[in-house]
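Enquirer: Let me begin by handing over the structure; questions about it come next.
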Amino acid sequence: MKIVIAGGTGFLGHALAQALAADRHDVVVLTRGGAPGSDDASAPRRVVWTPNGNAGPWAAEIDGAGAVVNLAGESIAARRWSTAQKNRIRESRLLATRSLTTAMREAPKPPRVFISGSAVGYYGDRGDETLTEASAPGTDFLAGLCKEWEAAANAVGDLTRVALVRTGIVLDRKGGALPKMLPPFYLFAGGPIGSGRQYQPWIHRDDWVRMVAWSLTNDAARGALNATGPRPITNKEFSAALGHALGRPSIMPAPPFALRIALGEMADALLLSSQRVLPVRATDLGFRFRFSNIDEALADIFPTR
Ligand SMILES: NC(=O)c1ccc[n+]([C@@H]2O[C@H](COP(=O)([O-])OP(=O)(O)OC[C@H]3O[C@@H](n4cnc5c(N)ncnc54)[C@H](OP(=O)(O)O)[C@@H]3O)[C@@H](O)[C@H]2O)c1
């Protein structure tokens, strides 16, 4: 199948593109950057696009493709959330999504499926409440962003199957949030964040890639899909598991006031908020996780211990 991945150069998109290309799919990555050639005929092909809300010459790749995957957008955690940065985070996702949906609508042969990114931030800060895809959205910045982002993707719901991947914290050694958590542990100063009672929805990167690949071909996978592991744990449990995997103690809590001084609003939204999310839709549709248990996931990620 021909699969077009917008944002396919990123932490998740690159892993997905590699896995799909290895499965002999014809993978095209839309990137704002250069499009270097590759000697490897099976490597994902890069095509330059301008995600400005409109279609462009790149839209020829969408016409006749089997699937489009949308992971493009300004990084959520790269910079402190000034008003300008929050605008960039929001606008980049909405414009990229509109570019893709415009291209799909204009294509003589639109794709059979559109997988569009979203995040567990959709639910906001919800304490111990069990959250499924049917739960109501939260009210903070990320929740509003996810609602708008999903609505922008649903604009082609009459044209193609739309699946909205509400991703949790994706665990991998080389990218995403996990490498940023390691330094205090290596310095024997790791521990829970704040009270540690907040639920932290996690998923091993391999399972995230497998779930997106599965949703490409599973016609029942439509609407919201929580891309989180089936056994949600608190930050305290996660920190203990990480300490164990690294052979380091997990006893020094990071005080919320210090995180708020360092990170501002981002500290509450990304580190202190609680989302006890269950992947009900994927599980009901028969998706099987390789890593359900945090200890097994971390043992796979840090195999030397
Ligand atoms: N990683 C996680 O744990 C996690 C959790 C929940 C949700 N998500 C969401 O899943 C999506 C993919 O995550 P990721 O970790 O792979 O992100 P990432 O590494 O930051 O990659 C995002 C890609 O989007 C493109 N991009 C960056 N800034 C952009 C802008 N201003 N306008 C348009 N495109 C831009 C970049 O591609 P080019 O530079 O090649 O154009 C980049 O490769 C993101 O929307 C993220 O918010 C991720």
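Enquirer: Out of all the residues in the stretch 36-49, which are surrounded by 13 or more Cβ atoms within 10 Å (Cβ to Cβ), hydrophobic (A, V, I, L, M, F, W, C) and either more than 16 Å from the ligand (Cβ to nearest atom) or modelled with pLDDT of 95 or more (or both)?
Expert: Filtering the stretch 36-49 down to residues surrounded by 13 or more Cβ atoms within 10 Å (Cβ to Cβ) leaves 43-49.
From the residues that got through so far, the ones that are hydrophobic (A, V, I, L, M, F, W, C) too are 43, 47-49.
Matches in the stretch 36-49: Val47, Val48, Trp49.
Enquirer: In the stretch 74-93, is there at least one residue being among the small types (Gly, Ala, Ser), under 30 Å from Ala220 (Cβ atoms) and under 18 Å from the mean Cα position of the chain (by Cα)?
Expert: no
Enquirer: Across the stretch 104-132, which residue is nearest to Val156 (Cα to Cα) among those that are touching a Pro at 6+ places or on another chain (Cβ under 9 Å) and within 15 Å of the ligand (Cβ to nearest atom)?
Expert: Initial filter on the stretch 104-132 (touching a Pro at 6+ places or on another chain (Cβ under 9 Å)): 104, 120, 122-124, 130-132.
Next, only the ones that are within 15 Å of the ligand (Cβ to nearest atom) stay: 120, 122-124, 131.
Numbers: Val120: 22, Tyr122: 20, Tyr123: 23, Gly124: 26, Leu131: 26 Å.
Out of the qualifying residues, it is Tyr122.
Enquirer: Count, please, the residues in the stretch 50-71 that happen to be part of a loop (DSSP other than H, G, I, E, B), exposed (fewer than 14 other Cβ atoms within 10 Å of the Cβ) and either in contact with a strand residue (DSSP E or B) (Cβ under 9 Å, 6 or more places away or on another chain) or among the hydrophobic types (A, V, I, L, M, F, W, C) (or both). Break it down into steps so the answer makes sense when it comes.
Expert: Going residue by residue through the stretch 50-71, those that are part of a loop (DSSP other than H, G, I, E, B) are 50-56, 62-66, 71.
Now narrow it down to the ones that are exposed (fewer than 14 other Cβ atoms within 10 Å of the Cβ): 52, 54, 64.
If we keep only those that are either in contact with a strand residue (DSSP E or B) (Cβ under 9 Å, 6 or more places away or on another chain) or among the hydrophobic types (A, V, I, L, M, F, W, C) (or both) too, we end up with 64.
Of the residues in that region, 1 qualify.
Enquirer: Still on this structure: Could you check the stretch 56-95 and list, in sequence order, the residues that are of a type outside the set (Val, Ile, Thr), within 11 Å of the ligand (Cβ to nearest atom) and within 17 Å of Val156 (Cα to Cα)?
Expert: Asn70, Leu71, Arg93, Leu94, Leu95
Enquirer: What pairs come up if the first residue lies in the stretch 79-91 and is over 10 Å from Phe141 (Cα atoms) and modelled with pLDDT of 95 or more, the second is of a type in the set (A, V, I, L, M, F, W, C) and within 12 Å of the ligand (Cβ to nearest atom), and their beta carbons are under 7 Å apart, counting only those six or more places apart or on different chains?
Expert: If the second residue must be of a type in the set (A, V, I, L, M, F, W, C) and within 12 Å of the ligand (Cβ to nearest atom), the pairs left are Ile89/Ile76; Ile89/Leu145.
Enquirer: Let me ask something additional. Looking for something under 18 Å from Gly138 (Cβ atoms), touching a helix residue (DSSP H, G or I) at 6+ places or on another chain (Cβ under 6 Å) and among the polar types (S, T, N, Q) - is there at least one such residue anywhere in the stretch 255-275?
Expert: yes
Enquirer: Kindly list the number of the only condition in (1) in contact with a strand residue (DSSP E or B) (Cβ under 8 Å, 6 or more places away or on another chain); (2) within 11 Å of the ligand (Cβ to nearest atom) that fails for Ala21.
Expert: So Ala21 meets the others, but not (2).
Enquirer: Output the qualifying pairs, or none if there are none: Cβ atoms under 7 angstrom, residues six or more apart or on different chains, first residue in the stretch 117-133 and closer than 7 Å to Arg166 by Cβ and free of Cβ contacts under 8 Å to residues at least 40 places away in the same chain, second residue away from the ligand (no atom under 16 Å from the Cβ) and not in a helix (DSSP H, G or I).
Expert: Listed pairs, sorted by first residue: none to list.
Enquirer: Would a scan of the stretch 222-234 turn up a residue that is buried (at least 21 other Cβ atoms within 10 Å of the Cβ) and more than 15 Å from Thr167 (Cα to Cα)?
Expert: no
Enquirer: Taking Pro256, is it touching a residue at least 40 places away in the same chain (Cβ under 8 Å) and out of contact with any Pro (no Cβ under 8 Å at 6 or more places or on another chain)?
Expert: On the way: touching a residue at least 40 places away in the same chain (Cβ under 8 Å): yes; out of contact with any Pro (no Cβ under 8 Å at 6 or more places or on another chain): yes.
In short, yes.
Enquirer: Does Leu142 meet the test of being within 13 Å of the ligand (Cβ to nearest atom), without any contact (Cβ under 8 Å) to a residue 60 or more places away in the chain and over 13 Å from Val68 (Cα atoms)? So that I can check it myself, show each step before the final result.
Expert: Values: within 13 Å of the ligand (Cβ to nearest atom): yes; without any contact (Cβ under 8 Å) to a residue 60 or more places away in the chain: no; over 13 Å from Val68 (Cα atoms): yes.
Taking the combined requirement at face value, the residue does not satisfy it.
The values are calculated or read from the model by the stated rules, or taken from the named source; none is laboratory data. These numbers were taken from a predicted model, which means no experiment stands behind them. No Cβ is skipped: glycine too gets one built from the backbone with ideal geometry, and neighbour counts run over all protein chains shown.
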